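Visitor: Quick one: the structure is below, questions incoming.
The values are calculated or read from the model by the stated rules, or taken from the named source; none is laboratory data. Quick caveat, the model's predicted, so the values are computed rather than measured. Neighbour counts are summed over all protein chains in view; Cβ atoms, including those assigned to glycine, are modelled from backbone coordinates with ideal geometry.
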Amino acid sequence: MSGSVHSVGLNAFAADVIEIQANTSQGLPGFTISGNPDSSLREAKERVRAAIVNSGGKFPDSKVTVALAPANLPKSGAGFDLPMAVAVLVATKQAAGTLLPDTVLIGELALDGRLRGVRGVLPLLLGARRAGFRRAVVPTANVTEAALVSGVEVGGAHSLSDVVAWLAGDLALDTVDGDTEAPTPPGIPDLADVAGQPAARHALEVAAAGSHHVLMTGPPGIGKTMLACRLPGILPGLEPDESLEVTAIHSVAGTLPAFRPLIGSPPFVAPHHSASITSLLGGGTGMARPGAVSRAHRGVLFLDECAEMGAKTLDALRQPLEEGVVRITRRDGTATYPARFQLILAANPCPCAPANDVDCVCTSVVRRRYLGKLSGPLMDRIDIRVQMEPPGNTALMTESGESSADVAARVATARSAARDRWREHGWLTNAEVPGSALRRRYRLPAVVLRPIEMFLREGRVTARGADRALRLAWTLCDLRGGTQPNEDDVAQALMYRDRGS
């Protein structure tokens with residue numbers, strides 16, 4: 001006797017429909033799982049057996065073989081527990097199978113038959129929808145996230161018994177997780193809290209308007225971290241497609257809050273300066289999982305004390321900065337994750353980092369070596385460099401800058417202008433526009449390009465740097481409400497790249 005059930009498996013960020021077949025035959029009692037399972041999936045034998053028995057069913061006293069097809073795809077995770085248990089019950093005539101052809105089942109089983117939530121439900125159901133499935137059964141803990149996928153009828157089950165009763169037509173599955181109480185998410189600090197620093201504040205506004213990368217240098221306690229932490233407060237919210245993509249990444253990474261199934265604002269990720277290459281880019285055994293650069297997709301990656309990080313770790317950012325994706329090769333294949341983030345770097349000018357630069361005891365060689373971890377190729381991808389100075393006493397005690405709401409309004413207007421201009425090409429921000437498009441289709445008049453030609457002639461900017469300066473000039477133009485950058489915009493863009501270097 002045999003039974004067939006469908007589920008969905010993740011291969012990095014790609015979802016594949018998996019057919020799970022259970023067969024019982026004569027022979028010594030045993031339970032075999034085939035189809036390229038990993039160790040966590042092989043352990044499912046004991047969970048499935050105990051869950052069936054403790055849910056009132058009978059595990060067959062015969063040879064049981066469960067095959068996961070296609071066999072060439074690696075299978076991992078506990079999300080196949082529920083479909084394997086149902087396949088065994090259907091094969092032994094303990095569960096009806098009439099609803100199964102158009103249904104995918106996902107869920108981890110506890111030994112007593114309860115269903116536990118799993119990671120990656122959103123991308124799993126998006127894959128199921130593409131494959132034409134109309135129904136999905138998931139653990140109740142995942143039902144709110146699963147309901148984000150339109151076109152798929154989602155039911156949440158508390159236990160294996162609920163699923164069996166639903167298949168028999170005796171129970172309607174839940175569509176709301178009533179066990180999750182949504183706490184109030186923490187608010188984003190306001191930009192008005194930052195005293196002084198008008199140049200750095202304006203640089204942050206320009207960066208937000210065009211999604212440009214920033215390096216801030218200056219003595220400790222000057223406000224670098226304060227400014228970076230307030231950047232999400234002036235960024236526009238995510239578009240619906242962006243929200244689903246970002247939410248799917250966090251679902252795979254296991255960092256999606258239960259009370260906030262849909263991420264609607266740009267994420268802010270700030271790893272410690274001791275972070276490894278694996279934690280930044282992604283990794284792990286088997287198939288690689290998303291790292292910090294992917295969790296910051298369509299948001300901000302903030303690296304504080306970046307000069308304390310290893311040079312190889314920082315240089316590993318060059319490929320995702322250029323391409324907007326990260327590729328990690330591991331034992332089970334190459335994982336490709338989106339990684340189009342806005343990089344914010346902050347560093348002290350030297351190791352001793354006194355409050356007043358005249359008190360520095362570091363030699364010129366030590367100072368150059370300290371910031372030398374930021375290699376030339378990496379710095380060539382940084383559009384804005386800001387050298388911050390301590391604010392005066394008067395500014396520190398009395399001055400209050402613009403609020404995040406005021407700055408966010410200007411940023412939103414500039415972003416809207418850029419989106420309208422590049423819409424036909426699919427680019428969302430100025431930072432995404434290829435240099436070839438700016439040099440050919442949207443080429444500026446020769447008089448406007450004179451500052452770039454001078455910098456190229458003097459060797460003060462590379463060809464890549466010239467392209468990035470053009471992107472920055474378009475952002476400056478959008479902020480002032482212009483239709484095309486002028487010579488002043490281009491010159492200012494070049495000066496932003498030249499500062500602090």
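Visitor: Determine if segment 219-230 includes at least one residue that is assigned by TED's automatic domain parsing to the domain that holds ALA346, without any contact (Cβ under 8 Å) to a residue 60 or more places away in the chain and farther than 21 Å from LEU374 by Cβ.
Guide: yes
Visitor: Can you tell me how many residues in segment 114-125 are surrounded by fewer than 19 Cβ atoms within 10 Å (Cβ to Cβ) and part of a helix (DSSP H, G or I)?
Guide: 0
Visitor: Say whether the condition of being assigned to a strand (DSSP E or B) and not assigned by TED's automatic domain parsing to the domain that holds GLY254 is met by at least one residue in segment 73-91.
Guide: yes
Visitor: Given the criterion crowded, with 24+ Cβ neighbours inside 10 Å and either more than 20 Å from PHE13 (Cα to Cα) or among the hydroxyl-bearing types (Ser, Thr, Tyr) (or both), identify the matching residue among SER279, SER251.
Guide: Step by step, each of SER279, SER251 is checked, and only SER251 is crowded, with 24+ Cβ neighbours inside 10 Å and either more than 20 Å from PHE13 (Cα to Cα) or among the hydroxyl-bearing types (Ser, Thr, Tyr) (or both).
Visitor: Being surrounded by fewer than 21 Cβ atoms within 10 Å (Cβ to Cβ), at pLDDT 95 or above and within 27 Å of ARG318 (Cβ to Cβ): is that true of VAL214 here?
Guide: no
Visitor: Taking the condition of being part of a strand (DSSP E or B) and either over 38 Å from the mean Cα position of the chain (by Cα) or more than 30 Å from ARG331 (Cα to Cα) (or both), how many residues in segment 23-64 meet it?
Guide: Of the residues in segment 23-64, 7 are part of a strand (DSSP E or B) and either over 38 Å from the mean Cα position of the chain (by Cα) or more than 30 Å from ARG331 (Cα to Cα) (or both).
Visitor: If you don't mind, another one. What is the residue count in segment 86-102 for residues that are surrounded by fewer than 24 Cβ atoms within 10 Å (Cβ to Cβ) and either touching a Cys at 6+ places or on another chain (Cβ under 8 Å) or closer than 27 Å to ALA12 by Cα (or both)?
Guide: So the answer is 3.
Visitor: Can we say VAL461 is part of a loop (DSSP other than H, G, I, E, B), within 16 Å of HIS213 (Cβ to Cβ) and not assigned by TED's automatic domain parsing to the domain that holds GLU239?
Guide: yes
Visitor: Then there's this: When you go through ALA473, ALA469, ALA493 one by one, which is the residue that is part of a helix (DSSP H, G or I) and under 13 Å from ARG381 (Cα atoms)?
Guide: Result of the check over ALA473, ALA469, ALA493: ALA469.
Visitor: Here's a follow-up. Any idea which residue in segment 4-28 is farthest from PRO70 (Cα to Cα), counting only those that are among the polar types (S, T, N, Q) and touching a helix residue (DSSP H, G or I) at 6+ places or on another chain (Cβ under 9 Å)?
Guide: Of everything passing the filter in segment 4-28, THR24 is farthest from PRO70 (Cα to Cα).
Visitor: Can you name every residue in segment 126-153 that is within 20 Å of LEU109 (Cα to Cα), surrounded by 22 or more Cβ atoms within 10 Å (Cβ to Cβ) and not polar (S, T, N, Q)?
Guide: Hits for segment 126-153 are ALA136, VAL137, VAL138, PRO139, VAL143, GLU145, ALA146.
Visitor: Here's something else I'd like to know. Does segment 353-403 hold any residues that are in a loop (DSSP other than H, G, I, E, B), at pLDDT 85 or above and polar (S, T, N, Q), and which are they?
Guide: THR363, SER375, SER403
Visitor: Hey, does segment 445-461 have a residue that's charged (D, E, K, R) and crowded, with 16+ Cβ neighbours inside 10 Å?
Guide: No, segment 445-461 contains no residue that is charged (D, E, K, R) and crowded, with 16+ Cβ neighbours inside 10 Å.
Visitor: Mind checking whether some residue in segment 215-238 is within 20 Å of the chain's Cα centre (by Cα), hydrophobic (A, V, I, L, M, F, W, C) and over 28 Å from PRO377 (Cα atoms)?
Guide: Taking every residue of segment 215-238 in turn, at least one turns out to be within 20 Å of the chain's Cα centre (by Cα), hydrophobic (A, V, I, L, M, F, W, C) and over 28 Å from PRO377 (Cα atoms).
Visitor: Within the set of pairs 6 or more residues apart or between chains, which connect a residue that is on the phi < 0 side of the Ramachandran plot and in the same structural domain as VAL121 (by TED's automatic domain parsing) inside segment 8-22 to a residue that is of a type in the set (Phe, Trp, Tyr) and crowded, with 20+ Cβ neighbours inside 10 Å with Cβ atoms less than 9 Å apart?
Guide: Listed by first residue and then by second, the contacts come to VAL8/PHE133; GLY9/PHE80; PHE13/TYR337; VAL17/PHE133; ILE18/PHE80; ILE20/PHE80.
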